[in-house]
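Scroll down for the structure; my scribbles are underneath it.
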Amino acid sequence: MNSFSKRSYIVIGIFLITALVFSLRLFNLQVLDPTYKVFATNNVLREVVQYPARGLIYDRNGTLLVHNKPAYDLLVTPREVTAFDTLYLCEMLGITREEIEAGLQAANKYSRYKPSVIVQQIPPEVYAVLQERIYRFKGFHTQSRTLREYTYPVAAHVLGYVGEVNANDIQEDRYYSQGDYIGVSGIERSYENGLRGSKGVKKYLVDVHNRIQGSFLGGEEDIPAQIGKNLTTSIDIDLQLYAEKLLQNKKGSVVALEPATGEILALVSAPVYDPGMLVGRVRASNYSMLVTDTLKPLFNRALMADYPPGSTFKMLNALIALEEQAITSNTYFPCYGVASSPIRCTHDHVSPLHVVEAIRESCNPFLWNTFRSIFSKFSSSSEGYEVWREHVLQFGIGRKLEIDLPIESKGSLPEVSYYDRIYGKGRWNALTVRSLAIGQGELGLTPLQLANYCAAIANRGHYYTPHVVREMEDESIPEKFKTKNFTGISENYFELVIEGMEQAVNGSTGMLKIPGVSMCGKTGTAENPHGSDHSVFMAFAPKDNPKIAISVYIENGVWGARYAAPIASLVIEKYLNDTISGNRGWVEERMMEANLLNPNQPK
Amino acid sequence: MARNKLWTNIDWITVILFILLVFAGWLNIYSAVYNDTEQHSIFDFSQRYGKQLIWILAAFLIAFTILLIETNFYLFFSYIIYGLVIFTLVLVLLFGTEINYSKSWLTFGWFSFQPAEFGKFAAALALAKFMSSFGFKLSRPKSIAIISLIVLLPAFLIFLQNDTGSALVYSAFILVLYREGLSGVVLFFGTLIALLFIFSLVLSEVLLFGILTSLTLLVYMIANPGLKYFFRVIFIWVSVVILFAGLNFLLKTGMEPGIILAGTLLLGGVVVWIYSARNKLKNYVTITIIFIGAILFSLSVDFTFSQVLNSYQQARIHELLGIESDPLGVGYNVNQSKIAIGSGGFWGKGFLNGTQTKYKFVPEQSTDFIFCTVGEEWGFAGTFVVVSLFVALFIRLIFLAERQRSGFSRIYGYAAAVIFFFHFAVNIGMTIGMMPVIGIPLPFFSYGGSSLWGFTILLFIFIRLDASRLDYLSY
């Protein structure tokens, strides 16, 4: 029977070969091949993003304007969901059954294993109830986020709003991922990088059911979220509130800035809206309501609307002519006879008159002659126009001012080529473009540009780039906001136009007289082919050492002195004196009560 | 050696290997069940490690009892034990409890067990008894028929319980028959056909044919009748392949690469066969015929599988072979199992520190996939020690079997060794992705009373037989 005992070696051989093959395989798997170690880490690691709170926003006096309130998202992991009381959940959250079902379906489509957001931005009071009962809803959990909350219902166009990132944002900056929030407009957008802080990551160990079992390496590799940086804006919230109140039931804008720094004190685009409308779950419906509103409340007129400057442009033409020595302080033009054509004077005044009087009287013939004399200093009209245009550009007109808000219009200031195209090269002259002499025609200034131009006059020849943020935590404001931009016009010429502006205010109706303050200003009427003309006013005060420069546009306000000027005087008075003097109460009342939403106002 | 001194005649090496394996198994079950957040005493009998501790103590008691029973008992009662086990296997089919899709549990109140685990030692006893009976000759067809009946009856009953893995264990008995004189050709072809069947379904055609060709060339080289012929055969083959592939390329027949490869290999094989026959190269003729046969067999398996079987049957076979691509199904288990083992590194992550183990990424980790815990927490050092311990046990058993004077003891010893080996090879092979996923336990390691007791009985009957090897002359 033992004749086959040698076969025991074959059997033992099979055992040994198997053991050898297994050992080699195990050596390869465990020692040589690193991939399984990576897979193992991926298996157990779950990175949970920590969302930082956005930075707070203050006004120039330290009043809190924007802060954060907690909100909660409800997330669902479809695989873990068991039958639940849909109706109860819907009632608790105040949503419809269809919404829940659509959300579940979308989540299912995205991933059965990964959580996706099903209900967003649940307010804290609802969350408190939900959190107590969440155990009844298997597969659901919550995540906390922060939402913006506004102390005052104003300054929406400056502050902007926060929304969810879109595909474009994600592509442009890898910091963002689906569902993150990003500043969409206003300061929230332009200072996004500071305000957002930086997201953190907490690494957790999870088991096969994706349940968190503890922190990874005792939290050694966690990256804490960094809270966003706080901002101090240059906005004076009291002034902003007051200006917005003055502009109720009107379309238009108010831009007030501090000439010595370029800091914007108030920026209003009317009609206004409450920035709180674009927060939370009501946002989508409010947004579509605002978008479809025919008064276009979302349109930031202060930065985007190109209005003709009207007579407010006359100081600039006078300054250019003085600088180019086309006129002197002693140059007189009559406003009758042949000199008064092609642009007539609209009212009676002394004649002939010099530059100070011309500005006081807003004399069209004087400005036309001034404009023409600039051109006649040069051999060709286009050369003259080019010189004139360069001066205008130096006031920040016809180009973007590079304010620290995401969008602004560059206004409208045609190039030589524009007129060459329309009239033919060499076939146009000062007469052809005479409307520019009185701030009409192709010219377009945004209210911000007008206010900035006013600040340049107030500063007697320079301006600081306007900006809405004074300082950001641990960061200095960009150098460009601290650099003087010179207009290239000699300081002494400014005194002449300022004199004219002061006399213009003093010679006007009593509505503009602020007790104890010498205001220099100029009214304007912007021609409007679609309805009543727009009322324009620019001013600064006090005359010496100015504290505030302002531009006011009131759409369909008929003429400058009617609405824009009184409103500007009230804003200046409020800013300088902190209160409106008793005898001007009636002005304030009349301005606030005026309703100019009808585009056709009586003359 | 003293005749009646049982305790000195016991092979303590085997007993120590048994105790080491059982203890290592328990440690890993403890780790597989262990959970950071809930701490229990190791004697907490609501936990698996607590229960396993009871099973282990009971196993020691069973082992002790077996050692006390006279050897004659096993010899005389082997058919009766076999009959009783077959009876319980039938009972399971009638009254069994279904767990995890297989109806393999008998429940008596709080106590339930798997009769299939006891089928192995019973079949080993019956087989040893029959093959050691007076006048037995393996070559007789009647002997083969009775052997087949003894082995296949429990396998068939277990297969009916839907426990395919445990049924396949009985195929290991072919090694016992081989030792007792079954022709090596049967073993060779049996293994070849089994491997070809599995690999035709698991591997891609091109890969399988590539492996077959290189193996054949290797054998040509080994059976070398002179380098001249070897290089000529290679030359013939290469020219045929180039010719055939070139024709296909020119004619743009658009046949699948697998078919083209099969065609060229078959054609080349025929040419080589004619060439070797003419030159009277006997070995080459045989090898070439086997090669051609292997290619035809795997083609027919593929054809039968895809054309004859319906999708339900295909799915069953896929499931059995573990080639389901469903990441939630069998593929998931193997993948997670390889991740757990592979992440262990050389020294492992340390006892109770395996993240994959602790957070239950591998399913069935305390039973069929217990080897993952070893791999992850003890690293290559641990798996190598465990593999070595097992192989040491198997070799020791073969050594013991060969020193038996009685045919009954030797055959039983071989049966025990190959059954352990089959479990070892399939279970560990499955966890490292080298074997299809068929759920059979790793002896002494996997959680479960029935399997531990079954293996203990299987082992200790042989230890008892070995301890009294001097008592009797061979039958």
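Note on residue B:238 and residue B:94: their simple-model spin labels are 6.9 nm apart, each label 7 Å out from Cα toward Cβ. Peptide B:387-396 has a mean shielding of 4, counted as Cβ atoms of other protein chains within 10 Å of each residue's Cβ.
Using the structure shown, list the pairs from A:314/A:547; A:203/B:360; A:400/A:484 with a Cα-Cα distance above 21 Å, or answer none. Correct reply: A:314/A:547. Applying a DSSP loop filter and a limit of 10 other Cβ atoms within 10 Å to the trypsin sites (Lys or Arg not before Pro) in region A:1-33 leaves A:6. Computed from point charges on the beta carbon alone (+1 for Lys and Arg, -1 for Asp and Glu), the dipole magnitude for region A:47-233 about its Cα centre is near 180 Debye. Its alpha carbons considered, chain B gives a radius of gyration followed by a Dmax of 25.4, 83 Å. Note on region A:240-285: Rg/Rh from Cα positions, Kirkwood definition for Rh, rounded to two decimals, is 1.11.
Just report the Cα centroid separation between region A:559-603 and region B:370-404, whole Å. What the calculation gives is 97 Å, centre to centre.
Around the Cα centre of region B:199-321, unit charges on the Cβ atoms of Lys, Arg, Asp and Glu (plus for the first two, minus for the last two) sum to a dipole of about 620 debye.
In this structure, the amide hydrogen of residue A:262, modeled 1.01 Å from its nitrogen in the peptide plane, lies closer than 5 angstrom to those of A:464, counting only residues at least 5 positions away or on a different chain. In this simple spin-label model, placing a label point 7 Å from the Cα along the Cα-to-Cβ direction at both residue B:44 and residue B:360 gives a separation of 1.4 nm. I need the shape label for the protein assembly as shown. Rule: rounded when a/c is under 1.5, else prolate if a/b > b/c, else oblate, with a, b, c from the alpha carbon gyration tensor. Here the protein assembly as shown falls in the prolate category. Annotation for the A:B interface, with buried accessible surface near 3800 Å², both sides summed [1.4 Å probe; non-protein components not counted]. Compared with the dominant principal axis of the Cα atoms in chain B, helix B:71-95 is inclined by about 80°. Residues whose amide H lies under 5 Å from that of residue A:149, counting only those 5 or more places away or on a different chain, are A:67, A:68, A:69; hydrogens are built 1.01 Å from N in the peptide plane.
Helix content alone sets the calculated 222 nm mean residue ellipticity of the protein assembly as shown: runs of n ≥ 4 DSSP H residues at -39500 (n - 2.57) each, divided across all residues, give -16000 deg cm²/dmol.
Take the alpha carbon gyration tensor of region B:63-202, find the square roots of its eigenvalues, order them as a ≥ b ≥ c, and report rounded if a/c is under 1.5; if not, report prolate when a/b exceeds b/c, else oblate. Judged from the Cα gyration tensor, region B:63-202 comes out oblate (a/c at least 1.5, b/c at or above a/b). Restriction of the trypsin sites (Lys or Arg not before Pro) in region A:409-516 to DSSP coil positions whose beta-carbon has at most 16 other beta-carbons within 10 angstrom yields A:410, A:425, A:427. Each part gets one Cα centre, and for region B:128-145 versus region B:44-84 those centres are 29 Å apart. Put +1 on the Cβ of every Lys and Arg and -1 on every Asp and Glu Cβ in the protein assembly as shown; which of A:134, A:407, A:387 then has its Cα farthest towards the positive end of the dipole? Farthest towards the positive end: A:134. The charge dipole of chain A, taken about its Cα centre with unit charges on the Cβ atoms of Lys, Arg (+1), Asp and Glu (-1) only, comes to about 1640 debye.
Heavy atoms of the protein chains alone define the surface here; on that basis region B:118-231 has 47 Å² accessible area per residue at 1.4 Å probe size. Pairwise alpha-carbon distances in region B:199-321 exceed 20 Å for 49% of all pairs. Sites counted here are chymotrypsin sites (Phe, Trp or Tyr not before Pro) in a DSSP loop (not H, G, I, E or B) having no more than 13 other Cβ atoms within 10 Å; the longest part of chain A that contains none of them is A:337-603.
The contact residues of region B:345-360, meaning those that lose at least 50 Å² of 1.4 Å-probe accessible area when all protein chains sit together rather than their chain alone, are B:359. When its C-alpha radius of gyration is set against 2.2 N^0.38 Å (N residues), region A:47-233 gives a value of 1.14. Applying a length cut-off of 24 Å (Cα extent along the axis) and a mean Kyte-Doolittle floor of 0.5 to the DSSP H helices of chain A leaves A:7-27. Each 10 Å bin, from zero up to the one with the longest distance, holds this percent of the alpha carbon pairs of region A:464-603: 11, 34, 31, 19, 5, 0.
Using the Cβ-Cβ distance between residue A:20 and residue B:399 with R0 = 25 Å, the FRET efficiency computed as 1/(1 + (r/R0)^6) comes to roughly 0.85. Residue-normalised convex hull volume from the C-alpha trace of chain A: 241 Å³ per residue. Our summary gives chain B a relative contact order of 25 percent, counting only alpha carbon pairs under 8 angstrom and 6 or more residues apart. Test of understanding: given chain B, find the longest segment containing no trypsin sites (Lys or Arg not before Pro) that are in a DSSP loop and have at most 10 other Cβ atoms within 10 Å. Looking at chain B, B:281-475 is the longest stretch - no exposed trypsin sites (Lys or Arg not before Pro) with at most 10 other Cβ atoms within 10 Å. Along the charge dipole of region B:199-321, pointing to its positive end and built from +1/-1 on Cβ of Lys, Arg, Asp and Glu, which listed residue (B:209, B:308, B:273) has its Cα farthest out? Highest projection toward the positive end goes to B:273. Using C-alpha pairs below 8 Å separated by at least 6 residues, the relative contact order for region A:47-233 is 33 percent. Place a point 7 Å from the Cα of residue A:136 along the Cα-to-Cβ direction; which residues of region A:59-92 have their backbone N under 11 Å from it? Under cut-off, by backbone N: A:84-92.
Can you give me the Cα centroid spacing of region A:426-499 and region A:131-181 in angstrom? Region A:426-499 and region A:131-181 have Cα centres separated by 39 Å.
Surface composition of the protein assembly as shown: carbon plus sulfur atoms hold 61% of the accessible area, using a 1.4 angstrom probe and ignoring ligands, DNA and RNA.
Placing +1 on the Cβ of each Lys and Arg and -1 on the Cβ of each Asp and Glu in the protein assembly as shown, which of A:559, B:102, A:74 has its Cα farthest towards the positive end of the resulting dipole? Checking the options against the dipole of the protein assembly as shown, the answer is B:102.
The values are calculated or read from the model by the stated rules, or taken from the named source; none is laboratory data. This one's a predicted model, so the numbers in the text were calculated from it and none came from an experiment. FYI the Cβ positions are ideal-geometry reconstructions off the backbone, even for glycines, and counts take in every protein chain you see. The area values use the complete protein model at the heavy-atom level, side chains included, leaving out ligands, DNA and RNA. Shrake-Rupley method; radii C 1.70, N 1.55, O 1.52, S 1.80 Å.
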